[in-house]
Amino acid sequence: MYNSTITMVETLFQRDIKIKRVTTLGYSAAQALNDPVRIRILEILSHVQMCAEEITKTLGSSGYKKATTTIRHHLDTLKSAGLIQATKMVEVRGAVMKYYSPTLRAFSYDMPDLEKHVKLVDDTGTKMFKILKSVLEDKKFIAAFVGKDACGQCKGDHYKEYAALEIVSAALAKAMDRKEYAELIMGKEQPKK
């Protein structure tokens, strides 16, 4: 039977959303970062390698009062997610003390207003596209992903996209690890105009 009630549908609001940031994290890394104490641990470790006891003391002085056993649990979670690694072991009075460093740089700042830097974002985006294109067209890269499953939603090859972004992210981390980068950040070397 035909329904005589006609429902009028009118769009009241619609807008396109553009992706503004890309972060590649697996499930375990995302889950590990779902705790402000762990993010703070990553921030602390980005400055100097520390052991659990030192991290506990540093956290305590910044308002995070936690037991060393709790901090060890957080360190285990971060280590299992691949976000930190043990960098050295020291024997102290018969016990082994592990020191850790991060494999991920975490910042807990408010997002800067990038609208003020539209031209810089556009120019950098053009340069990054060229880099991503060279990665995606690399013969070894292409061969490594033959036969991977396509997206069930759009039939796109998002795994290849994810892998390319991971390569660019690892390359960015490698660039940030250079002595010259540290000098730039510390203001010892000014960019040439």
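The values are calculated or read from the model by the stated rules, or taken from the named source; none is laboratory data. Model, not experiment: these values are computed from the prediction. Note that we place each Cβ from the backbone using ideal geometry, even for glycine, and neighbour counts take in every protein chain shown. The protein model used for the area step is the full one, side chains on, heavy atoms only, and it has no ligands, DNA or RNA in it. Shrake-Rupley method; radii C 1.70, N 1.55, O 1.52, S 1.80 Å.
Quick one: is GLU53 under 28 Å from ALA175 (Cβ atoms) and acidic (Asp, Glu)?
Criteria not met by GLU53.
Taking the residues in segment 17-43 that are over 24 Å from ALA164 (Cβ atoms) and part of a loop (DSSP other than H, G, I, E, B) as candidates, determine which candidate is nearest to the chain's Cα centre (by Cα).
ASN34
Residues of segment 72-100 being charged (D, E, K, R) and open to solvent by less than 100 Å² (accessible area, probe 1.4 Å), which ones?
ASP76, LYS79, LYS88, LYS98 - these are the residues of segment 72-100 that are charged (D, E, K, R) and open to solvent by less than 100 Å² (accessible area, probe 1.4 Å).
Are there any pairs with C-beta distances below 7 angstrom linking a residue in segment 166-177 that is under 14 Å from THR124 (Cβ atoms) and open to solvent by less than 60 Å² (accessible area, probe 1.4 Å) to a residue that is among the β-branched types (Val, Ile, Thr) and part of a helix (DSSP H, G or I), with the two at least 6 apart or on different chains, and if so which?
Sorted first by the residue in segment 166-177, then by its partner, the pairs are VAL168/ILE131; VAL168/VAL135.
Being free of Cβ contacts under 8 Å to residues at least 12 places away in the same chain and on the phi > 0 side of the Ramachandran plot is the filter here, so list the residues in segment 72-110 that pass it.
ARG93, GLY94, listed by residue number.
Does any residue of segment 50-71 turn out to be assigned to a loop (DSSP other than H, G, I, E, B) and either open to solvent by less than 40 Å² (accessible area, probe 1.4 Å) or in contact (Cβ under 8 Å) with a residue 40 or more places away in the chain (or both)?
no
Please go through (1) among the small types (Gly, Ala, Ser); (2) more than 22 Å from the chain's Cα centre (by Cα); (3) surrounded by 13 or more Cβ atoms within 10 Å (Cβ to Cβ) for GLY147 and return the number of the only condition it doesn't satisfy.
It fails just one condition, (3).
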